[in-house]
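Comments concern the structure below.
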Protein chains: 2
Amino acid sequence: MAPKNNALRLATATANCDCCFMESHCWPGIEAHSGEVLVKREPTLMAENVLWREGAQFNGLYFVRSGAIKVYEIDLSGEERILQFAFAGDLLGLEALAAGRHENSAVALIETMLCKLPWPPPADDRALLERLLKRASVQLRQRARATRLADPDASVRSFLHEIATHIGREERVGENVWIRQRLPMSRLEIGQYLGYAEETVCRSMRRLQSNGELEVSGRTLLLRQPPVGSAATAVRSAGRTETLSA
Amino acid sequence: MAPKNNALRLATATANCDCCFMESHCWPGIEAHSGEVLVKREPTLMAENVLWREGAQFNGLYFVRSGAIKVYEIDLSGEERILQFAFAGDLLGLEALAAGRHENSAVALIETMLCKLPWPPPADDRALLERLLKRASVQLRQRARATRLADPDASVRSFLHEIATHIGREERVGENVWIRQRLPMSRLEIGQYLGYAEETVCRSMRRLQSNGELEVSGRTLLLRQPPVGSAATAVRSAGRTETLSA
DNA sequence: CGGGTAGTTGAACCAGTTCAAATCTGGTGG
DNA sequence: CCACCAGATTTGAACTGGTTCAACTACCCG
């Protein structure tokens, strides 16, 4: 459980988002190739590698280029509570900006590539601040939804849909649309995020499976994308949100 | 339960935070009387008055000068979930900034005075953006803590302490320090915020009372401020945060 | 003082947790 | 390529803390 601190710290390079295929993911709405934003490529993290540790000084925000990061804290009773899962295009670390120090830890769940936006920002860029403020606003809105819903089935359904629509691939089988996704986190971690026990998540997924809402095999997930207007849609829209994080 | 929409909409006046006794509360860290920030005084809201309603267009952030506001949403099962309580000095509405539309509602719990910072801001002020970004960062950090803790006693204790240290008055009785505060919200609302039933909050407060941690009589609260280093402190620090909102 | 809402208490119920054990999976080394 | 291992997942069963329902009481406002 204790992650080995073998975070790779290889050479980093300054890069311009301009030339990055992820530009539109990291900066939704930005005019393509505006050449505005300077970030640093970070060395690739392998699963379990630490991005930052509780107590570390805050010195920049991260964008996920690919992979998955979990942000978590250890509460007084020693339990791990997961605060955020971040995937490609997501912004990480905003909550540490004000204090200048991280109050939680972040580790890679799978091989992950990141860019870093150093802080304070090198250039005095008002547009950048505005974009970050909007990102913060989005994260605040989403955090409000992350509370556990009425029952575990609703929570898990909502969680899986968020992940699937965020990073999954669509697949057509006959007239139905399914989303295929390999989950980067364990059942236990889903539980730690949603506020349920591992076993409850497990049983919940089984129920969803027997409802025909999804197929699971290990961490591979095939999620039914309910046709708009179906009865299932009304239920599912409980979890309507843009992404799992921002 | 349905609040009457008799929000008072009287004449508002542009004001400068400069001349306001709340300046240092609304803008912690700002150089006093810098004359930078322009806001509008909003008409006083009475208890139950609506500040904004779900679906309303976002057109500015609010600062609470005095009183108390609750921000809540109605989930699919018709239950009210409270997302934020805001008191004097707190900033409201950040989560609607990105979308340009409120996805939740806000009403006054008691008589409340507010200032509004129109959006987009009239002046192109980089320092303002930076401050707001920091405020957003603080709110993100705090939102992470608002999840329900291991047991209701810990949650309620933490909640009451946050409120008390934020808006309560200190009182010395012998060598002990107590904080006196009249709660602006009902037991039910505390439950809707913490994720417990009204009765559970009630019993929890009773347990804290028999522990000698507090005195309650209706909504009047007298909370023991544990001396630093006492056993109680270790427990209490579970809820260590700056304010209940930002 | 009287009515109505908010708060409190008790008891039964039940969803989710806990504990324990079986089963499966993915990855490793031979 | 296959056997094997450690960790992850699943299942079952007992337990328990929080919810629910139903009175009852206290407080606040007119």
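Nothing in this text is a laboratory measurement; each read-out follows from the coordinates by a stated rule. Quick caveat: nothing in here was measured; it's all calculated off a predicted structure. Glycine also receives a Cβ, built like all others from the backbone with ideal geometry; neighbour counts cover every protein chain displayed.
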Just want the answer: with Cβ charges of +1 for Lys and Arg and -1 for Asp and Glu, which residue in B:137, B:59, B:109 is farthest toward the dipole's positive end in the stretch B:18-166?
B:137
Mind listing the phi-derived Karplus ³J(HN,Hα) values for the stretch B:67-77, rounded to whole Hz, using 6.51, -1.76 and 1.60 with θ = phi - 60°, and x for any glycine or proline?
x, 7, 10, 10, 10, 8, 9, 9, 7, 4, 7
Between the modelled labels at residue B:46 and residue B:220 (7 Å from Cα along Cα→Cβ) the distance in nm is 2.5 nm
